[in-house]
Every structure is written in structure tokens, then in C-alpha cells.
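K.L.:
Here it is: the structure, laid out below.
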Amino acid sequence: MNNVKLSQRLGLLLEQIPRGSKLADIGSDHALLPLAAVQTGRAASAVAGEVNPGPFRAAQKAVQDAGLTGRISVRRGDGLEVLRPEEADCITIAGMGGALIASILNRGSLEGKLGGVRTLLLQPNVGEDILRRWLLDNGWVLTAEALLEEDGKRYEVLTAVPEDKDTGVTNESLYADAAKAGGERPYRMDMLLNMGPWLIRQPNPVFFAKWQDEISKLERIRKSLSHSEQESAESKRSEIGEFIQEITEVLACLPKDKP
Ligand code: SAM
């Protein structure tokens, strides 16, 4: 079989896989990412994990058709339960919500499945802030973030490694440096978790478009709350108003890409 063709989104994940990795791709669907990773030498071997029977069978077939059953093990199971401890050193989880990715990592971590993992590559469709919070609370440091738009959808790709005080790769320094980028008004932690400590310092046109759309969405919610008779509506309205204000201020101060 010819090498698989990847979307720009999966291509970006592929580029972040350290060469020669022992990869585990969780929620692998058609196993496109592990196939490309093994075919390009990014991964020496791979596990493709799938919880649902349809995608599991599709992954099995794709790996068989590619003649790579000796190097890619397709396994059916929930999250990281398909892995033996120390089996993978790079884990990719893409195309799910941030809360689901965080819960998969959390369960896996409690079961010791993250031992030996040097790189997490995560692509949440929504709920990026929840995932960043999980990484922060669990000793994983973001070393890169990317934001791209493809076929009218926006995707974030997060790369994280274990915190290491000896080499200075710590969340403390990551978030302190990112906060300082706000200048006289350092960015608040909540804002960094929402916008991304790297993305906020390297904003591209997709970043501006994403947050302008977010402002419009919040405006609509705020407006709809003004018709609500619930007691909590007013405080929710003002909370949203403050958030809109803060996003607007951050966007206004960021360097804009020249067209
Ligand atoms: N990772 C591929 C990608 O990014 O193109 C496929 C993304 S697809 C939208 C999400 C896949 O995750 C589905 O095939 C689904 O069956 C699988 N999935 C959802 N929850 C899972 C879990 N807890 N464990 C393993 N796979 C899961």
C-alpha cells in the first residue's frame, strides 16, 4: 500500500512525534496516524487503541492492507487500558473533546499507564482549557501549541512533556513567562489556560478569528440572559461581560500579523 495521506491536522501531529517513538494512538479510528508514523519512521512501533467496534475493525483492516501487522498492534479497549506500562513513550489522542481526553489521561495515570511516556500529543476539538488545567495539575508541561484551520474548522495541537525541575522545564516558568508577556497587565492564569501560554505569545490570524468568534458567541449568550428571570442570570451576565472585556483587551494588545 502507498503511504497514507494525512489531513493538515493529522500531519501536524505527525511532525511532533519524536523520531523512532514507541507510539500509542488512542481513539485511532482508521489508524491513519500510526500508519503514517510507522511508514515515515516517526514511530518504530505503534499501538492503535479503539473503544468502538466499527473503528476498531476499520483500523485492523487498514493495518492489514498496509502489511504492517507486525509493527502496529490494533487493540480494542477504553482509553489507555489497551497499554501495558512502559509500552509507549509517545501518546497521541486526537479528535475528541478536551474533557474526554483529560479523563482518559487521568484514568491512565492512576493505572500507571503514563510511566515511561516522554511526549503527549493532544488535539482537543473543544475544552482546551480543561485539558491545559489537567496537564498543569498533573505535572505535564506544554512545550508547543499550534492552531490551524482546515475545511472551516479550527484545531489546536498541544505538545506536553513531564515536568523536570533539573532542566528547568516547569509549569511555574512556562506560565510565569507567558503571564509576563501581558506587560503592565500580566495575563491571568485563567486567560492563559483558555488561550494557551504559547498561542497567546505567537498569535496567528486563526487565533484572532477564533477569539473574535468566541466574543460573538458570548455576546449572544449575554443577550439571551437579559430575557431570563432566573436570579442567577444577572451575575452570569456580568461574569460573561467581564470575560468579553478581558478577551477584547488581550486581542487589542497582541501583535497582528501583517497581511
Ligand atoms: N484520532 C482520530 C483523528 O483524530 O482523526 C479519530 C478521531 S474520532 C473523531 C474519535 C475516535 O475516538 C472514535 O473512533 C471513537 O470511537 C474513539 N474513542 C472515543 N472514546 C474513546 C475511548 N475512551 N477510548 C478509545 N477510543 C475512544
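The values are calculated or read from the model by the stated rules, or taken from the named source; none is laboratory data. Just so you know, these numbers come straight off a predicted model, no measurement behind them. Cβ atoms come from the backbone with ideal geometry, glycine included; neighbour counts cover every protein chain shown.
K.L.:
Of all residues in the range 13-30, which are surrounded by fewer than 24 Cβ atoms within 10 Å (Cβ to Cβ) and within 11 Å of the ligand (Cβ to nearest atom)?
P.N.:
Across the range 13-30, the qualifying residues are G27, D29, H30.
K.L.:
Out of the range 161-204, which residues are in a helix (DSSP H, G or I), in contact with a Leu (Cβ under 8 Å, 6 or more places away or on another chain) and not small (G, A, S)?
P.N.:
N171, L174, Y175, L193, L199, I200
K.L.:
In this structure, does K22 turn out to be under 19 Å from L105 (Cα atoms), in the same structural domain as G95 (by TED's automatic domain parsing) and charged (D, E, K, R)?
P.N.:
yes
K.L.:
Considering the range 167-193 alone, what residues qualify as being within 16 Å of T143 (Cα to Cα) and either assigned by TED's automatic domain parsing to the domain that holds F243 or out of contact with any strand residue (DSSP E or B) (no Cβ under 7 Å at 6 or more places or on another chain) (or both)?
P.N.:
Scanning the range 167-193 gives T167, G168, E172, S173, Y175, A176, D177, A178, A179, L192, L193.
K.L.:
Mind listing whichever residues of the range 29-76 are of a type in the set (G, A, S) and under 21 Å from the mean Cα position of the chain (by Cα)? Quick ask: steps written out before the conclusion?
P.N.:
Initially, the range 29-76 is screened for residues of a type in the set (G, A, S), giving 31, 36-37, 41, 43-46, 48-49, 54, 58-59, 62, 66-67, 70, 73.
Within the range 29-76, A31, A36, A37, A43, A46, A48, G49 qualify.
K.L.:
Additional query: Can you name every residue in the range 172-200 that is at negative phi and surrounded by fewer than 17 Cβ atoms within 10 Å (Cβ to Cβ)?
P.N.:
E172, S173, A176, D177, K180, A181, E184, R185, P186, R188, M189, D190 - these are the residues of the range 172-200 that are at negative phi and surrounded by fewer than 17 Cβ atoms within 10 Å (Cβ to Cβ).
K.L.:
Something else: Give the residue, chosen from R71, R84, R57, R42, that is on the phi < 0 side of the Ramachandran plot, more than 9 Å from the ligand (Cβ to nearest atom), of a type in the set (K, R) and surrounded by 19 or more Cβ atoms within 10 Å (Cβ to Cβ).
P.N.:
The conditions single out R42.
K.L.:
Restricting attention to the range 90-119, report how many residues are out of contact with any Ser or Thr (no Cβ under 6 Å at 6 or more places or on another chain) and touching a residue at least 40 places away in the same chain (Cβ under 8 Å).
P.N.:
Residues in the range 90-119 being out of contact with any Ser or Thr (no Cβ under 6 Å at 6 or more places or on another chain) and touching a residue at least 40 places away in the same chain (Cβ under 8 Å): 10 in total.
Residues are listed down the side, and each one gets a yes or a no for (1) at pLDDT 95 or above; (2) within 13 Å of the chain's Cα centre (by Cα); (3) surrounded by fewer than 22 Cβ atoms within 10 Å (Cβ to Cβ):
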| site | (1), (2), (3) |
| --- | --- |
| K113 | yes, no, no |
| E156 | yes, yes, no |
| A160 | yes, yes, no |
| G168 | no, no, yes |
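K.L.:
Condition first: aliphatic (A, V, I, L, M) and either modelled with pLDDT under 95 or in contact with a strand residue (DSSP E or B) (Cβ under 9 Å, 6 or more places away or on another chain) (or both). Now tell me which residues in the range 201-220 satisfy that.
P.N.:
Within the range 201-220, V206, A209 qualify.
K.L.:
Could you give every pair whose Cβ atoms fall below 6 Å, whose first residue belongs to the range 156-179 and is closer than 28 Å to N125 by Cβ, and whose second residue is of a type in the set (F, W, Y) and surrounded by 14 or more Cβ atoms within 10 Å (Cβ to Cβ), counting only separations of at least 6 or pairs across chains?
P.N.:
What qualifies is A160/W140; A179/Y187.
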